[in-house]
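Worksheet: the structure to be examined is printed underneath.
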Amino acid sequence: MNYWKYVVTGCVLGLFIEIEFRLLGRFTPGALCFAVIFYPIFVSCAYFGGKLVDAFVQRRYLADVMCYIASGLCGLAVEWTLLGNSPWSNPKAVQSAMFCMWAAFCFGPRVLLRNVDQPSVLRKLVWWLLAIYGIVSLGLVALFRDPGQRFVVILLSTMGVYFVINMILILITVQSWRRGGPVATTATEDS
């Protein structure tokens, strides 16, 4: 699996929605700058962490499950420590939505780029979902003048799209298990 494709795919999965969230939901350009700088770092950590898992775990399904859970939990650790979105400091933060967001952009490239030579309606569905989300949510945001209402619309639509993307990623992962053998392939795809 190509490192640069992995990072770009992960950044598109995360930054696409982050841009809308930070510029339209709550105008926080500083937070967007943080995301633009650090998302590639987070996605790179997921890439190399996945390589490490693949080197030690020979069963693809187990390696994928470990990477999925690690992506979400490491993301929650970032949310809690760096961003102040822990359950005790920000009880309104939806922990499952944050888990899904981080799992989508850190784990998503692992399965979206796997077996790309084989056609997958589900893989295309992820990209169509993001495109439709962008268009529809921009239209909805334009209807609301109140920043609080705009924020709620973007927050709820973002949560929904990440939950759906996670379900699709899980289906793609299971589909790849059925097509591939028992050995993890991301470590051997570079050679």
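The values are calculated or read from the model by the stated rules, or taken from the named source; none is laboratory data. The model shown is predicted, which means the values in this text are computed figures rather than measured ones. Every residue, glycine among them, receives a Cβ derived from its backbone with ideal geometry; neighbour counts consider all protein chains shown.
Tabulated values for the structure
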| read-out | value |
| --- | --- |
| So Lys51, is it under 15 Å from the mean Cα position of the chain (by Cα), surrounded by fewer than 19 Cβ atoms within 10 Å (Cβ to Cβ) and among the basic types (Lys, Arg) | no |
| Within the range 156-175, tally of residues that are small (Gly, Ala, Ser) and buried (at least 16 other Cβ atoms within 10 Å of the Cβ) | 1 |
| Top-ranked residue in the range 78-111 [being over 22 Å from Ile170 (Cβ atoms) and among the small types (Gly, Ala, Ser); ranked as nearest to the chain's Cα centre (by Cα)] | Ala93 |
| Lone unmet requirement of (1) under 27 Å from Trp4 (Cα atoms); (2) touching a Leu at 6+ places or on another chain (Cβ under 8 Å); (3) among the basic types (Lys, Arg) for Arg150 | (1) |
| Whichever residue in the range 32-44 is exposed (fewer than 15 other Cβ atoms within 10 Å of the Cβ) and not β-branched (Val, Ile, Thr) and, among such residues, is farthest from the chain's Cα centre (by Cα) | Cys33 |
| Residue list for the range 1-26, filter: part of a helix (DSSP H, G or I), surrounded by fewer than 21 Cβ atoms within 10 Å (Cβ to Cβ) and basic (Lys, Arg) | Lys5 |
| Only one of Ala103, Ala93, Ala142 that is small (Gly, Ala, Ser) and modelled with pLDDT of 95 or more | Ala103 |
| Breaking point among (1) touching a Gly at 6+ places or on another chain (Cβ under 9 Å); (2) modelled with pLDDT of 90 or more; (3) not basic (Lys, Arg), for Ala35 | (2) |
| Verdict on Phe99 being among the aromatic types (Phe, Trp, Tyr), free of Cβ contacts under 8 Å to residues at least 60 places away in the same chain and surrounded by 15 or more Cβ atoms within 10 Å (Cβ to Cβ) | yes |
| Complete set of residues in the range 129-155 that are in a helix (DSSP H, G or I), without any contact (Cβ under 8 Å) to a residue 12 or more places away in the chain and over 20 Å from Leu15 (Cβ atoms) | Gly139, Ala142, Leu143, Gly148, Gln149, Val152 |
| Scan of the range 61-95 for residues that are in contact (Cβ under 8 Å) with a residue 60 or more places away in the chain and assigned to a helix (DSSP H, G or I), ordered by number | Tyr61, Ala63, Asp64, Tyr68 |
| Any hit, the range 105-128, residues being in a helix (DSSP H, G or I), touching a residue at least 40 places away in the same chain (Cβ under 8 Å) and closer than 20 Å to Ala31 by Cα | yes |
| The range 54-85 - residue that is touching a Ser or Thr at 6+ places or on another chain (Cβ under 6 Å) and closer than 26 Å to Ala97 by Cβ and, of those, surrounded by the fewest Cβ atoms within 10 Å (Cβ to Cβ) | Trp80 |
